[in-house]
Amino acid sequence: MIINAAFRNVEQVSGAIALLRQYGTNANQMEIFSSKPVELKPGVLDRTSKMSLIAVLAAIFVGSLVTTFIYYTQRDYPLVTGGMPLTSGWATGVVTFELTMAGAILGTVFMFIWESGLMKKSRCPAPDLPESGMILQIECDADVDTVVNMLQGCGAMDVDTLEKS
Amino acid sequence: MSMDLVQIETDSSRSDETNIPQWGMAIDLDRCSGCEACVIACHAENNIPLSDETAASEGRTNHWLRIDRYYEGEFPDIKVKFRPVMCQQCDDAPCEPVCPVYATYQNEEGLNVQVYNRCVGTRYCANNCPYTVRFFNWYDPVWPEDLNLQLNPDVSVRPGGVMEKCTFCVQRIQRGKREASADGNDIADGDIQPACVQSCPAEAMVFGDLTDKNSKVSQWSQSGRSEQLLDELGTKPRVFYLEKGD
Amino acid sequence: MEAAVEFSGEQTTENNVRRDLLRPLTGASGQYLTAVVLCSAVVIWALVAWGYQIHYGIGVAGINRPVFWGFYIINFVFWIGISHAGTLISAILRLTDAGWRKPVTRAAEAITVFCLMIGGMFPLIHLGRVWLFYWLIPYPNDRLLWPNFRSPLVWDMTAIFTYMTGSVLFLYLPLIPDLAMMAKRSQGVRGFLYRKLSLGWTGSDRQWHAMERAMKLMAGMILAVAVSVHSVVAFDFSMSVAPMWHSTIFAPYFVAGAIFSGIAALVLVMAALRHFLHLQHYLRPLHFDNLGKLLLLMSLIWMYFTFAEHLTVWYGNNPAEINVFNVREHGVFASALWCMVTCNFIIPFILLGVRKLRTITTICLASVSVLVGMWLERFLIVVPTLSHPPLASGWGAYTPTWVEWSITAGTFAAMALLYLLFVKAFPIIAIWEYEDDH
């Protein structure tokens, strides 16, 4: 079953989440939907993220790839240069920097799409976004009535239950 | 200074053992009369388009070789000095590293070569040339009727949108090397002469191999009167100007 | 954040906000259509001029020997400079979490994207053989040649590629929630496009988390990239041995100038949006006042750099450099130089420095003056140096032709046109960000 409970403010929804987690509901089974970001206190419903790590790794990967590319493409030119060598940290540093940053940016955006679940089919149908307030969606298979009661006790204005498709 | 230059060059990849000539030029300014025969010869040899008054007034004339005039004293008691200026074939040429497509680079004989086909026309090299001896083809070149029949077949005609400059008459260098190897001889000093050197009535210009200690250009370039143009920029030019030190 | 809330006075309800901010998306007034037609006409004229130049050769422009770079490179630096309005300012404001940024950021980020599109055209317009521009791109080719990575022009290309990619995404990410909201309110092709572009945004807390994290990270990165981009533009000049170009101060000098002109452009765009889209309630005097103070700060920094640069050259008295210095200070370029100092320093200093004078109108006047001054600054960097190379025999002059003027006018029209179209397609103030604050 999927339960959608509408709440008016952050305090109520935080209370409901705390209660449900005590009751044993997993954080992955809960999701808040809102038309603007909901600022929860740390610890209420944390979402782990590897975005910074992947951004750094993508930066290092693309940056070193590009530097290697520059080195190997320029190495094959048997050119005589007066002073400046064909590859040097100074001259290729700019290209290395720019593409390192490009790697970081693309890594971040990739992780944004990945972690937000955009462009992916979600398990539960998303409720229509309220213009104000928020909807707490809980995926639960047993004790639906208990959960609904708990939600109503925490100040949910409107609780819908629907079958998982 | 100039001695050091040759020494350094021969110590590095361009050594005597590999027998690769290092081309250079020396010009005795005390002999130059400013007659501009070299300019005409250069135009004829290298298929340089002619320019009319409009082009001249727009600053679009192309002369790979020009005569700079320096005036001393007050009119009428005036002294004029001439200095033929062409591409200085710098060893550490500022035009080379800035080209994004390697249209200009240093070859192993020390020539600063320009590959017309590679040029996309960013004109960065020309901005970075302190001697202002790089020329751009603002349009496709045209010659007056009949003159289009006298083009030198050894020299490519450059299309609009590409950079060009003095090559030290690279076509003559190639021909000289070809002929010498066909005869089984070494290239003797003076065998190869760019058009300007050949046409100078005052014999103010010499051209040759700087690694050959007995060549005229080596001896001239190492004379006490020798200097390089704007050598404070560290471009290591291959053209030496001889002038009495006064 | 506090200030913004305090300042807003009466609370606008969310429905009013959406009504106000979505209203510009529908219908089109006669004024709007006239503006679109006029701008399109100028853009088409500029394209004709460019076609003429490609067909007859780049000689139809006024550039010559020794002034091999002219209006095209001046405009390139000018537009890339203005592009810093956006991303840089909005990134700084995001990182410092300045609440008053919220109605400003999207307008600024859009400036960045459009300015980069326009500025990025100029290196192509200026090429002698533009049809071969792709030879700068590294790909395996039948010429068996890779590009020269030591050339500042290749740096330019990679820098603009990264900045363009970054700033488009920086504009796009915070647009997604608004796109999802608009998808629900629109039908037909428009609704379809909004839906596709919103990537299936549902407004879940995971998505909001990812958005917040991504925007924080991107803000930091884009800041570094923006600084590097204008440094690279400066390197195009300072890597050369040309007098008064070969200067270590150029990179920070250019970055400061870019932010300076960027703020000025942002002020003018915001004033136009405020006036024509009736957003007085959203773009408040506070925003203009804050940007006016930033503009004043940048004006002082610009003057400091300019003074340091000129003093160093003057004192150094290097023959080649002092020639260029002299023509700038009391030669043919003197009027441009003193006009630049007036526009970039004296006028903004008076209009913005005296608190009583600082109103929306005077901030706009100062911004116009700064844009004129910064264009002149780029002119004074490019032309006097090139027209006075170290050997006096090579000295020359530069007069732009109708082709250069047309293409320059066309880019201003293109900027206006792109903005006009953008405002019709997307809300210019981030609705969710704005609502989040009120």
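Restricting C:MET182, C:MET157 to residues that are away from chain A (no Cβ under 11 Å) and part of a helix (DSSP H, G or I) narrows the list to C:MET182. Being of a type in the set (D, E, K, R), touching a residue at least 12 places away in the same chain (Cβ under 8 Å) and out of contact with any strand residue (DSSP E or B) (no Cβ under 7 Å at 6 or more places or on another chain) is the filter here; which residues of segment B:187-246 pass it? Residues satisfying the conditions are B:ASP191, B:GLU203, B:ASP212, B:ASP231, B:LYS236, B:LYS244. Is at least one residue of segment C:99-112 surrounded by fewer than 24 Cβ atoms within 10 Å (Cβ to Cβ), free of Cβ contacts under 8 Å to residues at least 60 places away in the same chain, within 13 Å of the chain's Cα centre (by Cα) and closer than 17 Å to C:LEU169 by Cα? Taking every residue of segment C:99-112 in turn, none turns out to be surrounded by fewer than 24 Cβ atoms within 10 Å (Cβ to Cβ), free of Cβ contacts under 8 Å to residues at least 60 places away in the same chain, within 13 Å of the chain's Cα centre (by Cα) and closer than 17 Å to C:LEU169 by Cα.
Suppose the filter is part of a loop (DSSP other than H, G, I, E, B) and either at pLDDT below 90 or surrounded by 15 or more Cβ atoms within 10 Å (Cβ to Cβ) (or both); does B:ALA202 pass it? Considered against the rule, which asks whether it is part of a loop (DSSP other than H, G, I, E, B) and either at pLDDT below 90 or surrounded by 15 or more Cβ atoms within 10 Å (Cβ to Cβ) (or both), B:ALA202 comes out as no. For segment A:38-79, which residues satisfy the criterion of being away from every other protein chain (no Cβ under 11 Å), open to solvent by 30 Å² or more (accessible area, probe 1.4 Å) and closer than 28 Å to A:ALA91 by Cα? Listed by number, the residues that qualify are A:LEU57, A:ILE60, A:PHE61, A:SER64, A:LEU65, A:THR68. Scanning segment C:185-228 for residues that are within 30 Å of A:THR92 (Cα to Cα) and within 7 Å of chain A (Cβ to nearest Cβ) returns C:ALA214, C:LEU217, C:MET218, C:MET221, C:ALA224, C:VAL225, C:SER228. Screening B:GLU164 against (1) assigned to a loop (DSSP other than H, G, I, E, B); (2) in contact with a Lys or Arg (Cβ under 6 Å, 6 or more places away or on another chain) leaves a single unmet condition, (1). Is it the case that some residue within segment C:152-163 is within 30 Å of C:ASN317 (Cβ to Cβ) and either open to solvent by less than 40 Å² (accessible area, probe 1.4 Å) or modelled with pLDDT of 95 or more (or both)? Scanning segment C:152-163, I find at least one residue that is within 30 Å of C:ASN317 (Cβ to Cβ) and either open to solvent by less than 40 Å² (accessible area, probe 1.4 Å) or modelled with pLDDT of 95 or more (or both), so the answer is yes.
When we screen A:VAL109, A:VAL94 for residues that are surrounded by 21 or more Cβ atoms within 10 Å (Cβ to Cβ), free of Cβ contacts under 8 Å to residues at least 40 places away in the same chain and touching a Phe, Trp or Tyr at 6+ places or on another chain (Cβ under 6 Å), the only hit is A:VAL94.
Only one of (1) in contact (Cβ under 8 Å) with a residue 40 or more places away in the chain; (2) of a type outside the set (Asp, Glu); (3) at the interface with chain A (Cβ under 9 Å from one of its Cβ atoms) is not met by C:PRO147, so which one is it? With (1) in contact (Cβ under 8 Å) with a residue 40 or more places away in the chain; (2) of a type outside the set (Asp, Glu); (3) at the interface with chain A (Cβ under 9 Å from one of its Cβ atoms) applied to C:PRO147, the lone miss is (1).
Residues in segment C:55-110 that are more than 14 Å from every other protein chain (Cβ to nearest Cβ) and not in a helix (DSSP H, G or I): C:SER83, C:HIS84, C:ALA85, C:THR96, C:ALA98, C:PRO103, C:VAL104. Of all residues assigned to segment C:30-43, none qualifies as being in a helix (DSSP H, G or I), within 15 Å of C:VAL130 (Cβ to Cβ) and at pLDDT 95 or above.
Here the condition is being in contact (Cβ under 8 Å) with a residue 24 or more places away in the chain, over 26 Å from C:ILE44 (Cβ atoms) and surrounded by 15 or more Cβ atoms within 10 Å (Cβ to Cβ); of C:ALA413, C:ALA409, C:ALA366, C:ALA392, it holds for C:ALA366 alone. Check segment B:107-116 and report whether any residue there is among the β-branched types (Val, Ile, Thr), more than 9 Å from chain C (Cβ to nearest Cβ) and over 13 Å from C:GLY128 (Cβ atoms). Yes, because at least one residue in segment B:107-116 is among the β-branched types (Val, Ile, Thr), more than 9 Å from chain C (Cβ to nearest Cβ) and over 13 Å from C:GLY128 (Cβ atoms). Number of residues in segment B:73-99 that are more than 15 Å from B:THR235 (Cβ to Cβ), free of Cβ contacts under 8 Å to residues at least 60 places away in the same chain and surrounded by 23 or more Cβ atoms within 10 Å (Cβ to Cβ): the value is 1. Taking the listed residues C:LEU279, C:LEU296, the one that is in contact (Cβ under 8 Å) with a residue 40 or more places away in the chain and open to solvent by less than 20 Å² (accessible area, probe 1.4 Å) is C:LEU279, with no other qualifying. For segment C:296-360, the helices (runs of 4 or more DSSP H) that sit wholly inside it and include 2 or more residues that are closer than 22 Å to C:HIS246 by Cβ are C:319-330, C:334-341.
The values are calculated or read from the model by the stated rules, or taken from the named source; none is laboratory data. From a predicted model like this one, the values you see are computed outputs, not experimental measurements. Note: ideal-geometry Cβ built from the backbone for every residue, glycine included; neighbour counts use all protein chains shown. With ligands, DNA and RNA removed, areas are computed over all heavy atoms of the protein, side chains included. Shrake-Rupley method; radii C 1.70, N 1.55, O 1.52, S 1.80 Å.
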